[in-house]
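Here is the structure we will look at, set down as structure tokens.
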Amino acid sequence: MSRATHHSRSTPAAGWLCVIAGLALAACGSAPPTRYHTLMPAAGSSASAASNSTISWTIAGVGVPAQVDQPQWVVRLSDDSMRLLEQERWVAPLADEMQGAFGDALARRLGAPGLTKPASGKTWRVRIDVQRFDSAPAQHAAIVTDWTIASNASGGTPELRCRDAVRQAVSAGVPALAEAHRQAIVQIADRIAAALIAVDAGNPARCPGA
């Protein structure tokens, strides 16, 4: 009888000890908060969009490599292996982030897309296919793209197809990688815009560096 009584009195205390230990373990093992990143620049961080452009243009699409087209960041380590960073994520699908960032950068050079009605009647379609989107912490951020510029006018200017690559050195941290990718996108967009301005003016179509 006394043994049974002793067992019933010790059970609540043991139960509370288990609860406290469980909470302590949960606190120690909790994951760090998820951080979200974007390729869009901060509002007001760049020059205002062009207001006197006579070029009508639109982005026909942006393709991204399947290896990195997911919410989590995929980074390249020093031994050339890849790692998925569960707590570092894109705020939107990467293809949407890329299209928004390229569209914003082009609009700052060419004016808003799809609003201009040029006398020529031409609307230029820009297609961007990202071949590589490389993120190496504390090393570099690199983007390699194949992009095309084509007119909607039949029998008009031949389609311009170019390959472009930008590699930016970065300091430590994922935010530094995100900023380097933003800068790389702006550089590529500036060259696309320059080529589009040239072909729209009737000048020979040339790829950057050609």
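The values are calculated or read from the model by the stated rules, or taken from the named source; none is laboratory data. Owing to the predicted nature of the structure, the values given are computational and were not obtained by experimental measurement. FYI the Cβ positions are ideal-geometry reconstructions off the backbone, even for glycines, and counts take in every protein chain you see.
What to note about this one:
- The set of residues from the stretch 161-181 being part of a helix (DSSP H, G or I) and either free of Cβ contacts under 8 Å to residues at least 60 places away in the same chain or surrounded by fewer than 22 Cβ atoms within 10 Å (Cβ to Cβ) (or both) comprises Val174, Pro175, Ala176, Ala178, Glu179, Ala180.
- Residues of the stretch 66-85 satisfying the condition of being buried (at least 16 other Cβ atoms within 10 Å of the Cβ) and not in a strand (DSSP E or B): Val68, Asp69
- So Ala107, is it modelled with pLDDT under 95 and within 20 Å of the chain's Cα centre (by Cα): yes
- Condition met for Trp124 (at pLDDT below 95 and either in contact with a strand residue (DSSP E or B) (Cβ under 6 Å, 6 or more places away or on another chain) or outside the structural domain of Leu84 (by TED's automatic domain parsing) (or both)): yes
- Of the residues Ala142, Ala193, Ala150, Ala189, the single one that is over 19 Å from Gly100 (Cβ atoms), in contact with a helix residue (DSSP H, G or I) (Cβ under 8 Å, 6 or more places away or on another chain) and crowded, with 16+ Cβ neighbours inside 10 Å is Ala142.
- Residue among Ser30, Ser45, Ser8, Ser2 that alone is closer than 30 Å to Ala112 by Cβ and at pLDDT below 90: Ser45
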